[in-house]
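The values are calculated or read from the model by the stated rules, or taken from the named source; none is laboratory data. Note that this is a predicted model, so its numbers are computed, not measured. Glycine gets a Cβ as well: all are built from the backbone with ideal geometry, and neighbour counts include every protein chain shown. All accessible areas refer to the heavy atoms of the entire protein, side chains included, with ligands and DNA or RNA removed. Shrake-Rupley method; radii C 1.70, N 1.55, O 1.52, S 1.80 Å.
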Amino acid sequence: MPELPEVETIRRGLLPLVKERTIEAVWISPQAPKLVAYPSTELFCRQLQGRRLLDVARRGKFLLFPLDDGRTWIVHLRMTGTLHHSRQGCQLPYLRARFLLDDGSFLCYQDQRKLGRMWLVDDPLPIVGSLGPEPFSPSLTGHPLAEALVKRRAPIKSILLDQRVMAGIGNIYADEALFQAGIHPLRPAASLGEEEVERLLEAVRTVLAEALAHGGTSFRSYVDSSGRPGSHQHYVRVFRREGLPCPQCQTPITRAKVGGRSTYYCANCQS
Ligand SMILES: [Zn+2]
């Protein structure tokens, strides 16, 4: 699933290609009746046509395209959605939407599992307003995060996935950050001391920055704005490495379920 580094990689790639471009035509596959969450698919196509893209922004795992009429086109890729730019038209399979731009290029939206969603709204706040701070936000030092965790008895892994606490972290980077910080994923969030919270936030920022430098992680369908996969899957330390030696102590990596999600950790390094 695309998380912050993947969505940010797409944003950075798309920005110089689509900024100030006008959308000339919109096509939504009849096989993706749920892709447009708001308004109706018909209205979405009609209202997006002729609009100029002023910017490409990101909030958590959401892509936001502010438009010249004051509205915002929002995209959430969820599990298997990809959005890339092409000068040759869009390829099958799993093509769910196609946007023709005024320079003859295309934005192609592919999504095998069809869980991705798009909105066209006057105000993005009802969609993204409940998101917690961005991990790289300077205002998010250990203290506000510690305050958010203090009353939570849920495992720290589940709290890291809670987009209201911090936006943009998913399964891969939660596991990688907890390993980096030496914190067991099942620890109740409230049991973390101030120093551990500091260490965890530092680890979150480090793993996200590494993944960004590698153009994101491609275990499945993720590709960047030009259709290329990322390379961070070659650098992960615990995620999907069950039974393989821990890079620090050689103990085989353990896999467990936390809040219904597969979780990978080193039972020796993460206390
Ligand atoms: Zn270890």
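The table for this structure:
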quantity: Scattering profile of the stretch 89-137 at q = 0.16, 0.20, 0.21, 0.22 Å⁻¹ [log10 I(q)/I(0), Debye over alpha-carbon scatterers]; calculated: -0.72, -0.87, -0.89, -0.90
quantity: Selection of trypsin sites (Lys or Arg not before Pro), the stretch 9-64, meeting DSSP coil and at most 14 other Cβ within 10 Å; calculated: Lys19, Lys34
quantity: Dipole axis of the chain (+1 Lys, Arg; -1 Asp, Glu on Cβ), positive-most option in Phe136, Gln91, Ser191; calculated: Gln91
quantity: Protein accessible area in the chain, 1.4 Å probe - carbon and sulfur %; calculated: 50
quantity: Isotropic mean projected area of the C-alpha convex hull, the stretch 116-170 (nm²); calculated: 4.9
quantity: Loop-located trypsin sites (Lys or Arg not before Pro) in the stretch 134-189 whose Cβ has at most 15 other Cβ within 10 Å (DSSP); calculated: Lys151, Arg153, Arg164
quantity: 3J(HN,Hα) from dihedral phi, the stretch 55-71, Karplus parametrisation 6.51/-1.76/1.60, rounded to Hz, x for glycine, proline; calculated: 6, 10, 10, 9, 9, x, 9, 8, 9, 10, 10, x, 10, 6, 9, x, 8
quantity: In the stretch 180-244, the trypsin sites (Lys or Arg not before Pro) that fall in loop regions by DSSP, at most 12 other Cβ within 10 Å; calculated: none
quantity: Accessible area per residue, Å², the stretch 4-128 with all protein chains present, probe 1.4 Å; calculated: 44
quantity: Cα-based Rg of the stretch 1-77 normalised by 2.2 N^0.38 Å, two decimals; calculated: 1.10
quantity: Where labels lie 7 Å past Cα in the beta-carbon direction, separation of Arg52 and Asp122 in nm; calculated: 2.3
quantity: Of the DSSP H helices in the chain, those whose Cα atoms cover at least 18 Å axially and whose Kyte score averages -0.5 or more; calculated: 4-18, 194-213
quantity: P(r), alpha carbons of the stretch 1-144 - 5 Å bins starting at zero, rounded %; calculated: 2, 10, 19, 24, 23, 13, 5, 3, 2, 0
quantity: Percent breakdown of C-alpha pair distances by 10 Å bin, ordered from the shortest bin, for the stretch 72-187; calculated: 12, 31, 28, 21, 8, 1
quantity: Hull-based mean projected area of the stretch 142-265, where the convex hull spans the alpha carbons, in square nanometres; calculated: 7.7
quantity: Whole-number Å³ per residue for the convex hull built on Cα positions in the chain; calculated: 125
